[in-house]
C-alpha cells in the first residue's frame, strides 16, 4: 500500500462522530520517503477547508522554520494525531484520538521516518505519555512503541512546542526556534548510528 492509497482510505473514515462535522479529512501531506515526520494534534478551520495540515498561521511559521534548516514542506511529511477537525477547535476527545490512532500508525510504518517530531503537548502525549513537554522539548528520545515497526533500537522522537503556542508567546517562540535548529544535527547523528 502507498501513502496515497492510505490517504484515500482515511478520507472515507467514519470511525468517530467527527465525520459528521468535518468539511474534509486532513490525512497528511509531504514526501513519501521523508526522513522527518512532523505530527501535530488535529486540523484547524483552515486545514478543514483545504484538506492540508498546517496551512494557517502556525503552518506559515512552520514553513519559515523549515527554511532556516534548508528544508521545504515537500521534503518532510506533516500529519496530525486526529485526521478531522474537532468542532470549534476544541481538543480531540480520547475516543476520537483512539479512532485515528491506527491511521497514524499506518502512516508511520509506510514512511519509516528516521525522526518523528511531535508538535505540542497533545501529540507528544500519544508517544511519550509519562513526560511533560517543559521537561523534554528539544531532546531526542528513542522508544519502542507498540504498532510502530522501527529498528530494534526503537523510533527516535523529538518534542517541540506547538508553533501556534509560540506565535503568542515570545519566549516560547525563541525556544522553539532554538530547538528546531537542532534537527539537522539530530538527523546526521541518527544516520551515523
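Coordinate-derived values only; no laboratory data. Nothing here was measured: the structure is a model prediction, and the numbers come from that model. All Cβ positions, glycine included, derive from the backbone under ideal geometry; neighbour counts span all protein chains shown.
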Worksheet entry | Spin-label model distance (nm) - residue 74 vs residue 145, 7 Å beyond Cα toward Cβ | 2.8
Response to the item:
segment 25-77 and segment 88-152 have their Cα centres apart by a whole-number Å value of 16
Practice prompt. Return the whole-Å distance between the Cα centroid of segment 7-21 and the Cα centroid of segment 171-188.
Written response: 34
Response to the item:
Mean shadow area (nm²) of the C-alpha convex hull around segment 1-72 is 5.4
Worksheet entry | Three-way shape call for segment 146-188 based on the alpha-carbon gyration tensor, with the a/c threshold at 1.5 | oblate
